[in-house]
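The values are calculated or read from the model by the stated rules, or taken from the named source; none is laboratory data. Quick caveat, the model's predicted, so the values are computed rather than measured. Positions of Cβ are generated from backbone atoms using ideal geometry, with glycine treated the same way; all protein chains shown enter the neighbour counts. In case anyone asks, the SASA skips ligands and DNA or RNA and just uses the protein heavy atoms, side chains included. Shrake-Rupley method; radii C 1.70, N 1.55, O 1.52, S 1.80 Å.
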Amino acid sequence: PTERINAAEKDFGLTWLDEHFTLRDPEQPTHDALLNIARQLTLRRGIRGLILDPWNEIEGSRPGSMTESEYVGISLRSIRRFARHHQVATWVVAHPHKLQKDPKTGQYPVVGPYEISGSANWHNKADVCLSVWRERTADKLTTEVEVHVQKVKSKYAGRLGMTRLNWD
């Protein structure tokens, strides 16, 4: 029932994606390995954006004497230093700890940066915090998605608020 793209449109789209996006999935996705790959891509392809997704798949080597909060803070500082030094916009996709549904609505809440697993540093160290939320009905997810801007450190980067997007 839904219109689909034809073969020529698909080929055009795949070529465009190949020219504009580089996907890497190293066997040992450590912070250092990922930032080394990103450094190489800034030199070879001139990347201007980096998405590290998801945070919980990045292998860390936290010393036993270091708290998870300290480790997250140090890791985010190193990612921020890379981003600023190489002028690469960098996004880290991190998921919340276990959320509880609202008993009245049956919906999960919009996640704030303090609900992300591991540390309050997700809020404290970030320049911008976004949260993506979608209503769940009993039998499916809705096509409307809300993007909540929950923190903006510099006014030139945006402002707090929410917008709705629809999948078409």
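Residues with amide H under 5 Å of L50's amide H, sequence separation 5 or more or different chain, H placed in the peptide plane at 1.01 Å from N; which?
It is A89, T90, W91, by chain and number.
Could you estimate the translational diffusion coefficient of the stretch 79-158 from the Stokes-Einstein equation, with Rh from the Kirkwood formula over C-alpha pairs, at 4 °C and 1.567 mPa s, in whole µm²/s?
Values: Rh = 14.5 Å.
Roughly 89 µm²/s, to the nearest whole number.
Compare L14, L34, L99 in a GNM of the chain, Cα atoms joined below 10 Å, and give the one with the largest fluctuation.
Evaluated over the chain, the most mobile residue of the options is L14.
Below 20 Å, Cα to Cα, which lysines can K101 reach? Residues fewer than 8 away in the same chain don't count.
Result set, ordered by chain and number: K140.
Where does the charge balance sit around S119 when Lys and Arg score +1, Asp and Glu -1, over other residues with C-beta under 13 Å from its C-beta? Walk me through the intermediate numbers first.
On the way: positive: R62, R77, K125; negative: E68, E70, E115.
Computed value for this residue: 0.
Quick one: what does P(r) look like for the chain with 10 Å bins over all Cα pairs, in whole %?
Computed distribution, short to long bins: 8, 28, 33, 24, 7, 0.
Calculate one ³J(HN,Hα) per residue across the stretch 68-78 by plugging θ = phi - 60° into the Karplus curve 6.51 cos²θ - 1.76 cosθ + 1.60, and present them in order as whole Hz with x for glycine and proline.
Residue by residue, the stretch 68-78 yields 4, 5, 4, 5, 4, x, 5, 5, 5, 4, 5 Hz.
Tell me which residues come under 5 Å, amide H to amide H, from I58 once H is placed; ignore anything under 5 positions away on its chain.
none
Only Cα pairs within less than 10 Å get springs; with that Gaussian network setup on the chain, which residue of K151, K101, K125 has the largest fluctuation?
Of K151, K101, K125, the Gaussian network model singles out K101 as fluctuating most.
Can you give me the accessible area per residue for the stretch 36-168, using a 1.4 Å probe, in Å²?
Numbers: 9480 Å² over 133 residues.
So the stretch 36-168 comes to 71 Å² accessible per residue, rounded to a whole number.
If the elastic network links every pair of Cα atoms under 10 Å, which of P113, P29, P63 fluctuates the most in the Gaussian network model of the chain?
Largest GNM mean-square fluctuation: P63.
Let me have the 222 nm mean residue ellipticity of the chain computed from DSSP H runs of 4+ only, each contributing -39500 (n - 2.57), with the sum over all residues rounded to the nearest 500.
Numbers: 4 runs with 51 residues, N = 168.
Only helices count here, giving -9500 deg cm²/dmol.
In whole Hz, what ³J(HN,Hα) sequence does the stretch 119-136 give by Karplus (6.51, -1.76, 1.60; θ = phi - 60°), x for Gly and Pro?
4, 6, 5, 4, 7, 5, 9, 6, 7, 9, 10, 10, 9, 10, 9, 9, 5, 10
By a straight-distance test (C-alpha under 15 Å), which aspartates and glutamates pair with K10 as possible cross-link partners, with residues fewer than eight away in the same chain excluded?
Reachable aspartates and glutamates: D18, E19.
Antiparallel DSSP bridges in the chain: what percent, to the nearest 5? List each step's numbers first, then the result.
Details: 15 of 20 bridges.
Of the beta bridges lying entirely in the chain, close to 75 percent run antiparallel.
In sequence order, what are the phi-derived ³J(HN,Hα) couplings for the stretch 17-26 according to the Karplus relation 6.51 cos²θ - 1.76 cosθ + 1.60 with θ = phi - 60°, rounded to whole Hz, with x for glycine and proline?
4, 5, 6, 10, 10, 10, 9, 10, 9, x
At 1.4 Å probe size, with the rest of the protein present, what percent of the exposed accessible area of the chain is carbon and sulfur atoms? Please report the intermediate quantities before stating the final value.
On the way: 6640 of 12770 Å².
Ligands and nucleic acids excluded, carbon and sulfur reach 52 percent.
Size of the dipole of the stretch 1-133 about the Cα centre, Lys and Arg at +1 and Asp and Glu at -1 on the beta carbon, nothing else charged, in debye to 20?
Values: 16 positive and 16 negative charges, 92 e Å.
That gives a dipole near 440 debye.
Given the stretch 1-72, report the % of alpha carbon pairs whose separation exceeds 16 Å.
64 percent
In nm, what is the difference between 0.36 nm times the number of residues separating E135 and D53 and their Cα-Cα distance?
Numbers: separation 82, 0.36 × 82 = 29.52 nm, distance 2.23 nm.
Here the segment from E135 to D53 would lengthen by 27.3 nm.
What aspartates and glutamates does K153 reach when the alpha-carbon gap must be under 12 Å and sequence neighbours fewer than 8 apart in one chain are set aside?
D127
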